[in-house]
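The values are calculated or read from the model by the stated rules, or taken from the named source; none is laboratory data. Note that the structure is predicted; figures quoted are calculated from it, not measured. Cβ atoms come from the backbone with ideal geometry, glycine included; neighbour counts cover every protein chain shown.
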Amino acid sequence: MKKDFWQKLNKPILALAPMAGVSDSAFRQLCKSFGADVVYTEMISADGLHYDSKKTLALLDFVKSEKPIVCQLFGKRPEMFAKAAQVVQKLGFSGIDLNFGCPAKKVVAHGGGVTMMRDLKHCHLLIKTVLDNTDLPVSVKIRSGIEKVTALDFVKSISDLPISAIMIHGRPFKNPYTAPIDYEMIKKVKENFSGVVLGNGGIFFPEDAKLMIEKTGVDGVGLARGLYGKPWLFKQVKDYLKKGKYQEFDFAQIKKVAIKHATLAEKAKGQWGITETRKHLAWYVKGFAGAANLRQELVLVQSVKEIRNILK
């Protein structure tokens, strides 16, 4: 019997969407501290787990405070997913998510991500393989469509499978970052799927999250690029949905968040953690006076101490 944490979450659910090179343990911990209800890992290669890749396994480190945490797998060969699902369950994750939505060139070039939606029978087989090899709740991430295949077609094709949740990005494969959000398609998915539905895409401010929920009736939202340099967006969204208002963070508060982020990253990955945090530091200072000079210094930092000195 699957223990489904999705059903226990209060709505609206606010999720940290999976983002390659961004949603690592340090960032997930930060997002949880600001009110994220559920967090996803970066995209994890099912092939990598099948072949016991140390590099892939290293991406699966997490701490208890991150729970509920969902491991997102990507790949295209069903036979790779059986062992991958078993590994993820053994490591103590709360759920498994399958990626049918990523538009990144290097993923798409190998026939993965959103291109999988072109072959719904293959998607069905891949999902069933995972369901047969885990007791964890299984969810999927999709896009509003690719060519003639829509998200609604996808949902109808897996209606016989016990999927717990769907995160749907409201933009299609064509113009995946700039096309208008297809609220109508997200609404149709919600109306035709009995589990949890999270709307994703174009949420950069609390008002965007409220608009997504009101226009589509979704159970919550997945935050992604809107969190770049702004992990407190979770708190702002929660405040806005509850009270109709929210507070902006001033530079003093942002500096504290940046230092906390770097500290968590260094604890998790040592020197490499600081290196990976540099892009986040550049995002944190964006828009402030002297940001260009600050960025030039921050992209070269080697330690938390250096970061403290620069931000003084």
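If the condition is being part of a strand (DSSP E or B) and either small (Gly, Ala, Ser) or without any contact (Cβ under 8 Å) to a residue 60 or more places away in the chain (or both), then the stretch 61-95 contributes Ile69, Cys71, Leu73, Phe74, Gly95.
Each residue in the stretch 94-126 was checked for being among the small types (Gly, Ala, Ser), surrounded by 19 or more Cβ atoms within 10 Å (Cβ to Cβ) and within 15 Å of Ser45 (Cα to Cα), and 3 pass. Within the stretch 101-148, the set of residues being of a type in the set (Ser, Thr, Tyr), part of a helix (DSSP H, G or I) and touching a strand residue (DSSP E or B) at 6+ places or on another chain (Cβ under 8 Å) comprises just one member, Thr115. State whether one or more residues within the stretch 267-282 are of a type in the set (Lys, Arg) and in a loop (DSSP other than H, G, I, E, B). Within the stretch 267-282, none of the residues are of a type in the set (Lys, Arg) and in a loop (DSSP other than H, G, I, E, B).
Would the stretch 284-293 turn up any residue that is in contact with a Leu (Cβ under 9 Å, 6 or more places away or on another chain) and either surrounded by 18 or more Cβ atoms within 10 Å (Cβ to Cβ) or aliphatic (A, V, I, L, M) (or both)? Yes; the residues of the stretch 284-293 include at least one that is in contact with a Leu (Cβ under 9 Å, 6 or more places away or on another chain) and either surrounded by 18 or more Cβ atoms within 10 Å (Cβ to Cβ) or aliphatic (A, V, I, L, M) (or both).
Would you confirm, using the coordinates I've provided, whether Ala258 is of a type outside the set (Lys, Arg), farther than 30 Å from Leu125 by Cα, crowded, with 20+ Cβ neighbours inside 10 Å and more than 19 Å from the chain's Cα centre (by Cα)? Full working, then the answer.
Numbers: of a type outside the set (Lys, Arg): yes; farther than 30 Å from Leu125 by Cα: yes; crowded, with 20+ Cβ neighbours inside 10 Å: yes; more than 19 Å from the chain's Cα centre (by Cα): yes.
Yes; evaluated as a whole, the condition is true for this residue.
When you scan the stretch 265-291, how many residues do you find that are at pLDDT 90 or above and either in contact with a strand residue (DSSP E or B) (Cβ under 6 Å, 6 or more places away or on another chain) or not β-branched (Val, Ile, Thr) (or both)? Let's see the steps before the verdict.
Looking only at the stretch 265-291, we keep the residues that are at pLDDT 90 or above, and these are 265-286.
From the residues that got through so far, the ones that are either in contact with a strand residue (DSSP E or B) (Cβ under 6 Å, 6 or more places away or on another chain) or not β-branched (Val, Ile, Thr) (or both) too are 265-273, 276, 278-284, 286.
Going through the stretch 265-291 one residue at a time, the tally reaches 18.
Evaluating Ile13 against the criteria (1) touching an Asp or Glu at 6+ places or on another chain (Cβ under 9 Å); (2) among the β-branched types (Val, Ile, Thr); (3) without any contact (Cβ under 8 Å) to a residue 60 or more places away in the chain leaves one unmet condition, (3). The single condition among (1) without any contact (Cβ under 8 Å) to a residue 40 or more places away in the chain; (2) in a loop (DSSP other than H, G, I, E, B) that Ala20 does not meet is (1).
Does the stretch 212-226 contain any residue that is outside the structural domain of Ala26 (by TED's automatic domain parsing), outside any loop (DSSP other than H, G, I, E, B) and within 21 Å of Phe34 (Cα to Cα)? No, because not a single residue in the stretch 212-226 is outside the structural domain of Ala26 (by TED's automatic domain parsing), outside any loop (DSSP other than H, G, I, E, B) and within 21 Å of Phe34 (Cα to Cα).
Of the residues making up the stretch 161-169, at least one is assigned to a loop (DSSP other than H, G, I, E, B) and out of contact with any Leu (no Cβ under 8 Å at 6 or more places or on another chain).
For the stretch 135-155, the condition of being among the β-branched types (Val, Ile, Thr) and in contact with a Pro (Cβ under 8 Å, 6 or more places away or on another chain) holds for at least one residue. Does Phe34 meet the test of being aromatic (Phe, Trp, Tyr), touching a Pro at 6+ places or on another chain (Cβ under 7 Å) and in the same structural domain as Met212 (by TED's automatic domain parsing)? Yes, satisfied. Return the residues of the stretch 172-195 that are in a loop (DSSP other than H, G, I, E, B) and farther than 19 Å from Asp97 by Cα; say none if nothing qualifies. Pro172, Phe173, Lys174, Asn175, Pro176, Tyr177, Thr178, Ala179, Pro180, Ile181, Asp182, Asn192 - these are the residues of the stretch 172-195 that are in a loop (DSSP other than H, G, I, E, B) and farther than 19 Å from Asp97 by Cα. Taking each residue of the stretch 231-260 that is more than 20 Å from Ala26 (Cα to Cα) and looking for partners that are at pLDDT below 95 and outside any helix (DSSP H, G or I) with beta-carbon atoms closer than 7 Å, six or more apart or interchain, yields Phe251/Phe288. Being within 18 Å of Gln72 (Cβ to Cβ) and touching a Pro at 6+ places or on another chain (Cβ under 6 Å) is the filter; apply it to the stretch 111-126 and report the residue that is modelled with the lowest pLDDT. The extreme case among them is Val114.
Per-residue answers, yes or no, for (1) surrounded by 23 or more Cβ atoms within 10 Å (Cβ to Cβ); (2) among the hydrophobic types (A, V, I, L, M, F, W, C); (3) modelled with pLDDT of 95 or more:
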{"site": "Lys128", "(1), (2), (3)": "no, no, yes"}
{"site": "Leu131", "(1), (2), (3)": "no, yes, yes"}
{"site": "Thr134", "(1), (2), (3)": "no, no, yes"}
{"site": "Ser139", "(1), (2), (3)": "yes, no, yes"}
{"site": "Glu147", "(1), (2), (3)": "no, no, no"}
{"site": "Ser157", "(1), (2), (3)": "no, no, yes"}
{"site": "Pro162", "(1), (2), (3)": "no, no, yes"}
{"site": "Val196", "(1), (2), (3)": "yes, yes, yes"}
{"site": "Lys210", "(1), (2), (3)": "no, no, yes"}
